[in-house]
Amino acid sequence: MCTADADHGSPTLQSPIAQDVVGAVYFSASIDGGEDYVVLALYPGYGAFAGGTVTTGTFELTGEDLNYATCGICVLLSTEYDADTGSFLDDYFATGGSVTLNSVEGNLTGSLSNVTFQQVTIDPDTYESSPHPSGCQSGITATSFDAPIQQ
């Protein structure tokens, strides 16, 4: 059974949190105040940021950014947050779309456009994401984000 809606449309992201952890930026926000979250991780030196720095711009999610082990712009949809365990039931990883980053200093601001997701399993040792046998998919047509980056 799929745990994510097949299409989230253009949700409102609520309770956003952004953190800078040794140069990487992590963002999460609840989709429409529910138990599903958009998670964005920006890793300097990987994928779209292979040049070494997290920068602003519009980035198509392709190539290395489509696997958690190699992504510089990692976009996940994590479902059914359990506050008791502090974990999610399932992860869906981006299979396409684009991310616009308007600011990566002070506040993390930007948007997601036509992002598609597939349910994945993420290896805890290698961080390789591979398609889950369920074949479950989801999508976000458009949404924006804005959160102060905490140190």
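The figures follow:
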read-out: Principal axis dimensions, largest first and in whole angstrom, of region 87-128 by Cα; value: 31, 24, 19
read-out: Computed lengthening from Glu35 to Leu89, 0.36 nm per intervening residue step minus Cα-Cα distance; value: 18.4 nm
read-out: Normalised contact order of the chain, rounded percent, pairs of Cα under 8 Å and 6 or more residues apart; value: 26
read-out: Rg/Rg_ref, the chain, where Rg_ref = 2.2 N^0.38 Å and atoms are Cα; value: 0.96
read-out: Signed unit charges on C-beta, dipole axis of the chain, positive-most listed residue Ala83, Ala18, Gly106; value: Gly106
read-out: Charge context of Pro148, other residues only, Cβ under 14 angstrom, K/R +1, D/E -1; value: -3
read-out: Difference of contour (0.36 nm per residue) and Cα-Cα distance, Asn107 to Thr56; value: 17.2 nm
read-out: Which of Ala50, Gly33, Thr121, positive extreme of dipole for region 1-130 (C-beta unit charges); value: Ala50
read-out: GNM flexibility winner over the chain from Val75, Val22, Val38 (Cα, springs under 10 Å); value: Val22
read-out: q = 0.15 Å⁻¹: log10 I(q)/I(0) that the Debye formula gives for region 72-151, counting C-alpha atoms only; value: -0.65
read-out: Separation between Cα centres of region 95-147 and region 1-68, rounded to whole Å; value: 5
read-out: Nearest-10 value in Å² for the accessible area of Glu105, using the 1.4 Å probe; value: 150
read-out: Local electrostatic count, Asp36, Cβ distance below 9 Å [Lys/Arg +1, Asp/Glu -1]; value: -4
read-out: Accessible area of Phe145 in the full protein assembly, 1.4 Å probe (Å², nearest 10); value: 10
read-out: Cα gyration tensor, region 1-73 - rounded (a/c under 1.5), prolate or oblate; value: prolate
read-out: Net length gained if the chain between Asn114 and Asp7 were fully extended (0.36 nm per residue, minus Cα distance); value: 37.5 nm
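The values are calculated or read from the model by the stated rules, or taken from the named source; none is laboratory data. Just so you know, these numbers come straight off a predicted model, no measurement behind them. Reconstructed Cβ throughout: ideal geometry from the backbone, glycine too, with neighbour counts over all protein chains shown. SASA here: full protein model, heavy atoms, side chains in, ligands and nucleic acids out. Shrake-Rupley method; radii C 1.70, N 1.55, O 1.52, S 1.80 Å.
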